[in-house]
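For reference, the structure is listed below as structure tokens.
The values are calculated or read from the model by the stated rules, or taken from the named source; none is laboratory data. For clarity, every value in this text was computed on a predicted model and none was experimentally measured. Cβ: placed from backbone, ideal geometry, glycine included. Neighbour counts: every protein chain shown.
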Ligand SMILES: [Zn+2]
């Protein structure tokens, strides 16, 4: 069975965004507008079947709110790892007990429409390319700076997949051989230096409360804070150099909570790499801030069930 191979038509789709603490469900029209929505706590610990039943009930409510008569399908973006080809959530790490959980079959049985599943970072990138700052650009590399650093590549309107359909982990490119050890297995990853968690940890060792405190102190000229921030910015510049030369994107998108206040600093680092790259068509590569915020995952998930545009 290949649920993701189906190509439905339809004017409305349901997008679902599943995270460790909350789930969002929305009706999205074919232009990418959210027509109605609902947010509910994930409560993963109550078990997967219970969550699927609650999601199904929420889908019915948002459809009723939107007065949607025809449903083209349901797209789901979920905190990974997920197996998008088989429709399985394999994330016991942040969704307690959710390992090899088939979310596609029960929702398809309940609603009688195609259902597709993606990693949430991929869904967010698809959302930005469908309705946000990535629209009209191809390929797009999106980096999301938050607790960790997520990344996705969209090529020809589809997410780039690795072996087994899996999601490449752009946050774990190595940028500094002498960097802090990362849980992925080696030292000096982008995420281990430039994520909110990494900046916060480096900051606490220097007497700051959290990442936000580090950025504020750096701006005020505090030397230790400036070093931590400079290292994160340089790590981002090195990573951008790698992505520029591996994917040659037409656009880099920077998103995630950290970019709400720090986009200027980090986009300048990416632009610096682009400007220095003798072998890249520099004027064709741009950097932008992701526009859709938390809605990107919902819109991108819903876009999975709309027919591809030419
Ligand atoms: Zn790593």
Residue 31 vs (1) within 22 Å of residue 300 (Cβ to Cβ); (2) surrounded by fewer than 19 Cβ atoms within 10 Å (Cβ to Cβ); (3) at pLDDT 95 or above: all pass except (3)
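Are there strands (runs of 3 or more DSSP E) fully within the range 21-127 with at least 2 residues that are under 16 Å from the mean Cα position of the chain (by Cα)? List them. Give the derivation first.
Numbers: elements: 22-29, 34-41, 73-78, 115-119.
The qualifying strands (runs of 3 or more DSSP E) are 22-29, 73-78, 115-119.
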The condition from (1) within 25 Å of residue 126 (Cα to Cα); (2) in contact (Cβ under 8 Å) with a residue 12 or more places away in the chain that residue 234 misses is numbered (1)
How many residues of the range 135-157 are modelled with pLDDT of 95 or more and on the phi > 0 side of the Ramachandran plot? The answer is 1
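Out of 42, 105, which single residue is within 16 Å of residue 305 (Cα to Cα) and in contact with a strand residue (DSSP E or B) (Cβ under 9 Å, 6 or more places away or on another chain)?
105
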Flagged in the range 141-190 as within 10 Å of the ligand (Cβ to nearest atom) and part of a helix (DSSP H, G or I), in numbering order, are 171, 172, 190
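Residues in the range 166-178: is at least one out of contact with any helix residue (DSSP H, G or I) (no Cβ under 9 Å at 6 or more places or on another chain) and over 26 Å from residue 116 (Cβ atoms)?
Our first condition is that a residue be out of contact with any helix residue (DSSP H, G or I) (no Cβ under 9 Å at 6 or more places or on another chain); within the range 166-178, this holds for 166, 168, 177-178.
Subset that is over 26 Å from residue 116 (Cβ atoms): 177-178.
Yes; the residues of the range 166-178 include at least one that is out of contact with any helix residue (DSSP H, G or I) (no Cβ under 9 Å at 6 or more places or on another chain) and over 26 Å from residue 116 (Cβ atoms).
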Reported set for the range 191-217 where residues are buried (at least 24 other Cβ atoms within 10 Å of the Cβ) and away from the ligand (no atom under 16 Å from the Cβ) is 211, 214
